[in-house]
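Shown next, in structure tokens, is the structure this report addresses.
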Amino acid sequence: MYSILLEYPEDKDAQYCDNITHSANVELLLHGIHASQNTHNTLILHDTHDLTLALVILSSSTHYTAKIASK
């Protein structure tokens, strides 16, 4: 499994982060990437190919910075 951490500005609360992370997960699904959200700011993927594509897709957001949390 692979984790992507979405880092939000410090002034954003957990509910905001949870909603935006959920939206990011839906965006990935629209691109055929299946992920799971396990916290308000973390997505789990099962494939290195999906991890790479997800980082490319998520990097265009202005709401957060996407980083690999674990491999």
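For this structure, a couple of remarks:
- Legend: P(r) of the chain from all alpha carbon pair distances, 5 Å bins from 0, whole percents, reading 4, 19, 34, 27, 12, 4, 0.
- Under 5 Å, built H, 5+ apart or other chain: amide partners of Ala35: none
- With the charge dipole of the chain set up from +1 on Lys and Arg Cβ and -1 on Asp and Glu Cβ about the Cα centre, the Cα lying farthest toward the positive end among the listed residues Leu6, His49, Thr62 is that of His49.
- Per DSSP, loop GluC sites (Glu not before Pro) in the chain with at most 11 further Cβ within 10 Å: Glu10
- Cα→Cβ-extended label distance, 7 Å offset, between Leu30 and Ile68, nm: 2.6 nm
- In order through the range 25-31: 3J(HN,Hα) via Karplus (6.51 cos²θ - 1.76 cosθ + 1.60), integer Hz, x for Gly, Pro: 5, 5, 4, 5, 4, 4, 9
- Check: the chain dipole with +1 on Lys, Arg Cβ and -1 on Asp, Glu Cβ, in debye: 180 debye
- With Cα atoms, 0 to 90° folded angle of helix 48-58 axis to the chain main axis: 40 degrees
Readers should treat all values here as calculations from the given coordinates under stated rules, not as data from a laboratory. All values reported here derive from a predicted model rather than from experimental measurement. FYI the Cβ positions are ideal-geometry reconstructions off the backbone, even for glycines, and counts take in every protein chain you see.
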